[in-house]
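This report concerns only the one structure given below.
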Amino acid sequence: MLEKLPGWVVDDVTSVRQEVAEWVDLTPAERWKLAQACARDVIWAVRASGDAERILSHIDPLPVTSVRALERLRRKAGWGDDGR
């Protein structure tokens, strides 16, 4: 067991800030370009997998907590009272 942590070990907040430092000052347009590049990479990987149809048709089910929250919000908004 180490008596003292190595000098490069930092707390979680510092660690996260270091990891995102290069993106903090990007403009929305620059961030959008990165998002598009990531999306292109994902679609490339999906198509290259040979199982694109199954992957792209998959829909994750909502967690029960989300379903309940949506029902509650719909009731509050009056949805369902007039056939909506």
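The values are calculated or read from the model by the stated rules, or taken from the named source; none is laboratory data. Keep in mind that this is a model prediction, so the values were computed, not measured. Here the Cβ is made from the backbone with ideal geometry for all residues, glycine too, and neighbour counts use every protein chain on show. These accessible areas exclude ligands, DNA and RNA; they are computed on the full protein's heavy atoms, side chains included. Shrake-Rupley method; radii C 1.70, N 1.55, O 1.52, S 1.80 Å.
Side notes on the structure shown:
- Karplus-derived HN-Hα couplings along the stretch 33-50 (A = 6.51, B = -1.76, C = 1.60, θ = phi - 60°), whole Hz, x at Gly and Pro: 4, 5, 4, 5, 4, 5, 4, 4, 4, 5, 4, 4, 5, 4, 5, 6, 6, x
- Among the chymotrypsin sites (Phe, Trp or Tyr not before Pro) found in the stretch 11-84, those both in a DSSP coil and sparsely packed, with 13 or fewer other Cβ atoms within 10 Å of their Cβ, are Trp79.
- Accessible area expressed per residue, the chain, with surrounding protein chains retained (probe 1.4 Å, Å²): 98
- Cubic angstrom per residue, convex hull over Cα atoms of the chain: 296
- Cleavage-rule hits, GluC sites (Glu not before Pro), the chain, DSSP coil, Cβ neighbours within 10 Å at most 15: Glu3
- Helix-only CD estimate at 222 nm, as mean residue ellipticity for the chain, using -39500 (n - 2.57) per DSSP H run (n ≥ 4): -18500 deg cm²/dmol
- For the stretch 5-10, putting each phi into the Karplus relation 6.51 cos²θ - 1.76 cosθ + 1.60 with θ = phi - 60° gives couplings of 6, x, x, 7, 6, 10 Hz, in residue order, rounded to whole numbers and with x for Gly and Pro.
- With a Förster radius of 41 Å applied to the beta-carbon distance between Val9 and Thr65, the computed FRET efficiency rounds to 0.70.
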